[in-house]
Amino acid sequence: MAALVFLDATEHQQLKHHQQARYQVNQQRHCLPVVLSEFVAASASLPLVFIKDADSGIFRSCVLTGLTPGQNLCTNGSDWFDYEPKVMWHQPLMAVAQRKGGYAIAVEQPHPQISDVNGQPLFDGLQATPYLEQLSQLAIQWQKETEQ
């Protein structure tokens, strides 16, 4: 089972993110979350729906990529054919709001897009790479929009 782990330059120096694997990771997902800024672009090519979270009772905005669970008509596993939701660009990285303000970046582990072998490095020594900075900004922006 996957766990959310805060990124740490010392512990995760070797981690790499494989962006292209996002298509394969999402191949079985029939709906994906979207945020308000995506509504116009997303709804131009995919049905926009609101799904009630069974635990919290909160409605979440999503696009349907298939008609039944396990079906995604937008990908063949190596390419995407319609609007690509923003969440796919930073997954499995997530921004977590901190009590004192700001955000910390966490990663789902294990995850098919994260390895020590394939992909773009997240750290260069103890420094975040520009690639990680870009993913982090995408994750933070997405999180801010979900909080609105």
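The values are calculated or read from the model by the stated rules, or taken from the named source; none is laboratory data. Small disclaimer: the values here were computed from a predicted structure and weren't measured. Counting neighbours? That spans all protein chains shown, and the Cβs are built from the backbone with ideal geometry, glycine included. We work out accessible area using only protein heavy atoms, side chains counted, and drop any ligands, DNA or RNA first. Shrake-Rupley method; radii C 1.70, N 1.55, O 1.52, S 1.80 Å.
Based on the Cβ-Cβ distance from residue 81 to residue 137, what FRET efficiency comes out when R0 is 41 Å, to the nearest 0.05?
Efficiency, from the Cβ-Cβ distance: 0.95.
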Accessible area per residue in Å² at 1.4 Å probe, computed on segment 61-126: 53
When 1/r is averaged over all different Cα pairs and the result inverted, which Kirkwood radius in Å belongs to the chain? 16.3
Explain nothing, just the number: relative contact order of segment 81-148, from Cα pairs under 8 Å at least 6 residues apart, as a whole percent. 38
Surface accessible to a 1.4 Å probe, residue 117 within the full protein complex, Å²: 110
Excluding ligands, DNA and RNA, the carbon-plus-sulfur percentage of the accessible area of the chain with a 1.4 Å probe reads 54
Starting from the residue with the highest accessible area, list 87, 96 in decreasing order, probe 1.4 Å. 96, 87
So if we plug the beta-carbon distance of residue 20 and residue 99 into 1/(1 + (r/R0)^6) with R0 = 30 Å, what FRET efficiency do we get, rounded to 0.05? 0.25
Under a Cβ-Cβ cut-off of 12 Å, what is the net charge of the residues other than residue 59 that fall near it, where Lys and Arg count +1 and Asp and Glu count -1? +1
